[in-house]
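Each remark here refers to the structure printed beneath this line.
The values are calculated or read from the model by the stated rules, or taken from the named source; none is laboratory data. Everything quoted here is computed from the prediction, not taken from an experiment. Glycine also receives a Cβ, built like all others from the backbone with ideal geometry; neighbour counts cover every protein chain displayed.
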Amino acid sequence: MKILLVDDDNALAEVLIQQLTVQNYVVDRVADGEMGWSYASTFDYDLIVLDWVLPSLDGLQLCQRLRSGGYGVPILLLSSKNQQTDKIQGLEAGADDYLVKPFDVKELIARIQALVRRTSSTEPQPILAWGNLCLDPISCNVTYQGYPVALTAKEYALLELFLRHSHQVFKASTLLDQIWSSDEFPSEATVRSHIRGLRRKLKAAGITTNVIETVRGLGYRLGTSPTDTPPTQKNNALSSAERQAQYLAGLMQTWQTHKGESLKRWNYLVTLSQTLKEQGLNEQQRLQAQQKVHSLAGTLGIFGLVEGHRLALQIEQLLATATSLSPRQIAQFQVLVTTLGHALDNPPQLVSWTEGPPTHLPKILLLDVTGAPYIQQLMALAVTQGLEVDIATSTDMAAEILGLNAPGDNNLDALAELPDLVLLNLVGSDNALDLNEVSLQLLLQLMSTLSQQWPQLPLVLITPQGDFGNRLDLVRRGAAMVLEYPVSPAEILEAIDQATYLRYRHSKIMLVDDDSHYLDKAMRLLKPWHFQITPLANPSRFWTIFNQIMPDVIILDIEMPGINGFELCKVIRSHPQWQHLPIIFLSIHADPATQSQAFAAGADDYITKFSQEDNLVLRILNRLKRYHAWCNQESALLTVD
């Protein structure tokens, strides 16, 4: 099988060629779209693997040109573009399949095999056999009487070709076209040499008859199959761990060879970031930078440099959002590029990439009007730890980002664009810790406006004055947490983590209610927060399910058949291990007597259905926060002991 690979990334291409060659594919590789068109028009291929972003002619345009010319060979399109609209665009251009970078090479091989099988009618049986000589095209294993026969890629390809076309005579020139890539420039003597090598190995495996016969003056064909004894199958394949170790070793070697190309792309971005403030960014520079970082993202993903891949994608997205970058986008670009440089020092690793919806990166907005160095360090550290960081250098810029200039626009769309937290720096400089009065008043006024329009948005402050009076004033203006300077970037990140509810998004919630309709309603209410919800309509199964999932919060209805909510609560509290586990009652009863009975049973909170359930999520998050704080404290005490 012969494949044309069209990709301008040398490192990625080398990895793919190595893996495809192991699978006994013959690979031609070109680096731009025009050369891809030339090769596809000149040589015969079984499949084309095509990158989207290419010089001269991009992959989409090449795909369209091939299809408009009646080219019917399967095309597999590769791209870092992971939006549904991108996939639709690629398939509508004529691609038969679309694979998002980074990808598992095993998945790429599987898709290639599926595309080739889909268009091939020459393989009625999965195993190709000649007596007790067997070739498995799926696993690429060759055995004789159950014992493995080790062949080179070219020898395997020759044997497969003869087994697939058992009655055909092949000229040496035909074998050259079928088995060798166009850039190897072999001679017919090379064909004779490989056939001699194949015969020698088959003879050493115990086959006494020539598998490949010479037809004088014409070429070569498959010999007449002998009558052999039944094979005894033996499995001599490498273990999964051995294959992974070999693959990782190959990755590391290839990365060392081609790391300089990735560094060259990164250095271009560094140079660009240094000149952005003075010279801006013209359209040609933007497109060139976008292409370089797109290729960089794909390369880093294939080599398992997860952090670098994620940063490169963020830079690409930033470059794609606007034709010219604003001051805050320039600052964000500089931080991302600097942090990306550190990620390039990491070694390759094996990563199982699974395609799915883009993960939500927690986003924070930093408002710093002084350009403090420790804020720059904080930004770099935050990006490294998986936060999406935006920066505002003035109150006007922050007001625009937060939508404070349009107070009537308090809707779901505006809410979706908000950061997860806002950090305000109220510290001046090391020489004068207090801000000047004008800047301070503007920041305090912004705080008040922000807490009025978006009261649910956590606000963390860094201030040089941490006394009670100052803290009281800042809390009254909406601060969720006040940090006294000096404070390290790591301590600030820890405070950010505590002030947001992001750490609790995958907490386990057990919801017990015999009303299945209300269970559905409650699950819809909780779904946007990405909790792991276990609904239970039959309270008799409570203890079994409880011990299986070990929930972080339990929500109980009161009136249920067999066992009521009060009894379940008492059972939990009867165990010393579950004295601090949050238990929330969710009931239709609003009378004080019932609520008192719930708290007497050990409840932490009580919510009335249909009137207070809008606060359900907030109450769950508050209980989780306190429960996790208690667990962390207990863990620290055990460590000290």
(request) Could you pull out every one of the helices (runs of 4 or more DSSP H) wholly within the stretch 434-537 that has 1 or more residues that are within 30 Å of Ile588 (Cα to Cα) and at pLDDT below 85? (result) 516-526
(message) Based on this model, can you work out whether Val351 counts as within 18 Å of the chain's Cα centre (by Cα), farther than 20 Å from Leu269 by Cβ and either modelled with pLDDT under 80 or of a type in the set (Val, Ile, Thr) (or both)?
(response) yes
(request) Could you name every one of the strands (runs of 3 or more DSSP E) located completely within the stretch 24-128 that has at least 2 residues being over 30 Å from the mean Cα position of the chain (by Cα)? (result) none
(message) I'm told Thr359 meets every condition in (1) under 20 Å from the mean Cα position of the chain (by Cα); (2) modelled with pLDDT of 75 or more except one. Can you identify the failing condition by its number?
(response) (2)
(request) Identify, from the list Ile563, Ile549, Ile558, Ile545, the residue that is touching a Lys or Arg at 6+ places or on another chain (Cβ under 8 Å) and in the same structural domain as Ile607 (by TED's automatic domain parsing). (result) Ile549
(message) Here is a check on your reading of the model: is Leu581 closer than 22 Å to Leu624 by Cβ, part of a loop (DSSP other than H, G, I, E, B) and in contact (Cβ under 8 Å) with a residue 24 or more places away in the chain?
(response) yes
(request) Please work out which residue is farthest from Ser79 (Cα to Cα), limiting yourself to the stretch 295-334 and to residues that are among the β-branched types (Val, Ile, Thr) and crowded, with 22+ Cβ neighbours inside 10 Å. (result) Ile315
(message) Please determine whether any residue of the stretch 284-304 is closer than 17 Å to Val389 by Cα and at pLDDT 85 or above.
(response) no
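Yes/no matrix, rows are residues, columns are (1) among the β-branched types (Val, Ile, Thr); (2) modelled with pLDDT of 85 or more; (3) assigned by TED's automatic domain parsing to the domain that holds Ile179; (4) on the phi < 0 side of the Ramachandran plot:
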{"residue": "Ile48", "(1), (2), (3), (4)": "yes, yes, no, yes"}
{"residue": "Trp52", "(1), (2), (3), (4)": "no, yes, no, yes"}
{"residue": "Asp58", "(1), (2), (3), (4)": "no, yes, no, yes"}
{"residue": "Arg67", "(1), (2), (3), (4)": "no, yes, no, yes"}
{"residue": "Leu76", "(1), (2), (3), (4)": "no, yes, no, yes"}
{"residue": "Asn82", "(1), (2), (3), (4)": "no, no, no, yes"}
{"residue": "Thr85", "(1), (2), (3), (4)": "yes, no, no, yes"}
(message) Take Glu213 and tell me if it is of a type in the set (Asp, Glu) and modelled with pLDDT under 85.
(response) no
